[in-house]
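What follows is a single structure, written as structure tokens, with notes after it.
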Amino acid sequence: MRILSIHNNYQIRGGEDESRQAEERLLREMGHQVDAYEENNDRIANLNRAQVAIRTVWSQEAYQTVRQKLQQSRSDIVHVQNFFPLISPSVYYAAQAEGVPVVQTLRNYRLICPNGLFFRDNRVCEDCLGKFVPYPGIVHACYRQNRAATGVTAAMLTVHRALHTWSEQVNLFISLSEFARQKFIQAGISQDKIFVKPNFVAPDPGVGSGSGGYGLYVGRLSVEKGLDVLLSAWERLNAPIPLKIVGEGPLESQVVEATKRLSQVEWLGRKPLAQVYELIGEAMFLIFPSKWYETFGRVAVEAFAKGTPAIASNIGAIAELVDSGRTGLHFAPGDPADLAAKVEWAITHPQELLQMRLQARAEFEAKYTAQKNYHQLIEIYARASSR
């Protein structure tokens, strides 16, 4: 099988990009030909605002490029990972013009929310959900805190809803979780066209010992990720244990300040993946304090692969991934007191925590290996082709 993978790269490094790359590697390892068409947001610096706006709604360059690629090397599937902003939905039309089925992975909520997060003003926001014209996003300048940029994003969504792009130009969608799938269905995408296929971890990093005696956070240091909840919880612990924080982001200054107030908090910055896996494997538990509707939760699955349970917010897809009492614990989202209580329970119940380690690893082996993911992906490709 030959696949044309389309991706607009807008992150230096992130879970979305890692998952895409892992998927492409897996397909190549299994003998498939994977061609790539990528754009990088660095190009925006060479474009004026009007050019960026036009390309966001319809990129004629991307349309022509994809048609040419498909004419030169016939693909069986066009798999769009991310088209925003420079590639645009025009690539769907290019693929269909060449008679090649299209699969779109829904790695964020961009098709139904201008900022792609369902999050603003430090809270979950569904104001644009189900609205043909997502005008609340423009009012609140949700995308990049810029009303004009949000207006362009909203225009792209409105134009393609009017054109029935999502229903007529995409054969199948891949959602990373059932939670996210239900949000897209609620927004009007046919349930028959959305299939759940989670991310996976490969190669298998192997089980850790969990003997490090610390809690661990791995991820972007940003508001929606719940860093304020995490740090506030650590201030409330009656029996403080070390907390290691791995990652970069806009809240770095708050994390640095917390390390000055709380001697048990350590910020490690960004680390190579091999070191991250080592830290995860030795941690007592991973903490996942997100306040937004995660579409997945890759680091939780990485923790399961290492046999490390997760203490996670009971919200979005992460609540779906973590089976409270079996592979980790849930706490009330945005509630540092409840998070602190769950951390203290874990510290004082070592036997139960040991059982959670075993169950976390079993969960990984049952759902998140490369082999299982490959079969799910090929089945989705076959369904898309048959449609």
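Within region 83-91, none of the residues are out of contact with any Gly (no Cβ under 8 Å at 6 or more places or on another chain), free of Cβ contacts under 8 Å to residues at least 12 places away in the same chain and not aromatic (Phe, Trp, Tyr). For region 122-138, residues that are of a type in the set (Gly, Ala, Ser) and either touching a strand residue (DSSP E or B) at 6+ places or on another chain (Cβ under 8 Å) or not in a loop (DSSP other than H, G, I, E, B) (or both) total 1. The condition (being in a helix (DSSP H, G or I) and either outside the structural domain of residue 75 (by TED's automatic domain parsing) or in contact with a Lys or Arg (Cβ under 7 Å, 6 or more places away or on another chain) (or both)) is satisfied by just one residue among 340, 382, 312: 340. Filtering region 121-130 to residues that are surrounded by fewer than 18 Cβ atoms within 10 Å (Cβ to Cβ) and not polar (S, T, N, Q) leaves 121, 123, 124, 126, 127, 129, 130.
Is it true that residue 307 is in a loop (DSSP other than H, G, I, E, B), in contact (Cβ under 8 Å) with a residue 60 or more places away in the chain and over 30 Å from residue 118 (Cα atoms)? Taking the combined requirement at face value, the residue satisfies it.
Looking across 337, 346, 362, 370, one residue alone is surrounded by fewer than 22 Cβ atoms within 10 Å (Cβ to Cβ), hydrophobic (A, V, I, L, M, F, W, C) and under 29 Å from residue 78 (Cα atoms). It is 370.
Among the conditions (1) touching an Asp or Glu at 6+ places or on another chain (Cβ under 7 Å); (2) over 26 Å from residue 193 (Cβ atoms), the only one that residue 42 does not satisfy is (1).
Working only within region 119-132, note down all residues that are closer than 20 Å to residue 145 by Cβ and out of contact with any Gly (no Cβ under 7 Å at 6 or more places or on another chain).
At the first step, the residues of region 119-132 found to be closer than 20 Å to residue 145 by Cβ are 119-128.
Those that are closer than 20 Å to residue 145 by Cβ and out of contact with any Gly (no Cβ under 7 Å at 6 or more places or on another chain): 119, 120, 121, 122, 123, 124, 125, 126, 127.
Of the residues screened, residue 265 is not one that is surrounded by fewer than 21 Cβ atoms within 10 Å (Cβ to Cβ), in contact (Cβ under 8 Å) with a residue 24 or more places away in the chain and among the hydrophobic types (A, V, I, L, M, F, W, C).
Applying the condition of being among the hydroxyl-bearing types (Ser, Thr, Tyr) and within 25 Å of residue 42 (Cβ to Cβ) to region 93-120 and asking which residue is surrounded by the fewest Cβ atoms within 10 Å (Cβ to Cβ) yields 109. For region 253-275, residues that are assigned to a helix (DSSP H, G or I) and either of a type in the set (A, V, I, L, M) or on the phi > 0 side of the Ramachandran plot (or both) total 5.
Consider region 265-285. How many of its residues are farther than 23 Å from residue 350 by Cα and of a type in the set (Val, Ile, Thr)? Total meeting the criteria: 1.
The values are calculated or read from the model by the stated rules, or taken from the named source; none is laboratory data. Predicted model, so just to flag it, every value in this text is computed and none were measured. A quick note on method: Cβ atoms are made from the backbone with ideal geometry, for glycine too, and the neighbour counts reach across all protein chains shown.
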